[in-house]
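Data block below; observations after.
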Amino acid sequence: GNNTGTHGGGIFCDNDSSPTIVNNFISQNNANLGGGIYCNNSIPIIANNTIVGNTASFGGGVHCTYSSPVIVNTILWFNKAATGSQIWGTPKVACCNVQGGCPGIANIDAGPLLVDLAGNDLHLTWDSPCRDAGINHPLLPATDFDGDPRVRFGRVDIGADEFANHLYRL
């Protein structure tokens, strides 16, 4: 986090690239286009990420130009932009928590209840609507960024963190 650029403050996908972006916290970045992720003429898969607190002129969370990204199980919240605060463009979005809502299959629009955005603690709390709300998919790694099992109780959580009872309860 805390990066600044003209395109893709956090990640820049360009010219026929098709990266798989999984299990990341992308936060506190700033760019003209795509504060969190900028996609230009690319087809990335963006899965189980937490994209929060980014700023851009267009697409605070994700900006898509001539691109067809697939975004699944991802939190897009608290991103700011003059146009398209969470998403700018037309990616395919499913099982995501998008502030302000987003068309797609099983998307929700509910405060993710992260532990402390200002303090950059982006773990899910006990009461988070993102718990057990994602869809299990073949790109899921065995563990989240903390090393906790990625799928607990049969269904994956939305975002980069898989809630673990030993960590937090709000």
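Zone of LEU139 (label point 7 Å along Cα→Cβ, backbone N under 14 Å): which residues in the stretch 93-107?
93-96
Please compute the length gained on full extension between TRP126 and ILE105, using 0.36 nm multiplied by the number of residues separating them and subtracting their Cα-Cα distance. Working shown, then result.
On the way: separation 21, 0.36 × 21 = 7.56 nm, distance 2.43 nm.
This chain segment gains 5.1 nm when fully extended.
When DSSP assigns beta bridges and you keep just the ones with both residues in the stretch 66-170, what percent turn out antiparallel, to the nearest 5? Each step should come with its number before you reach the end.
Working: 5 of 12 bridges.
If I count the DSSP bridges inside the stretch 66-170, around 40 percent turn out antiparallel.
For the stretch 1-116, what's the relative contact order in percent, using C-alpha pairs closer than 8 Å and at least 6 residues apart?
In percent, rounded to a whole number, it is 19.
Assuming R0 = 30 Å, can you tell me the calculated FRET efficiency for the pair THR83 and ASP146, based on Cβ-Cβ distance, to the nearest 0.05? Walk me through the numbers on the way to the answer.
Numbers: r = 35 Å, r/R0 = 1.16.
FRET efficiency, THR83 to ASP146: 0.30.
Given 0.36 nm per residue, what is the gain on full extension from THR6 to PHE153 after removing their alpha carbon distance, in nm? Let's see the in-between values first.
Values: separation 147, 0.36 × 147 = 52.92 nm, distance 4.15 nm.
Here the answer is 48.8 nm.
Only the coordinates and a few stated rules stand behind these numbers; no lab work does. No experiment lies behind these values; they were computed from the predicted model shown. Note that each Cβ is placed from the backbone with ideal geometry, even for glycine, and that neighbours are counted across all protein chains shown.
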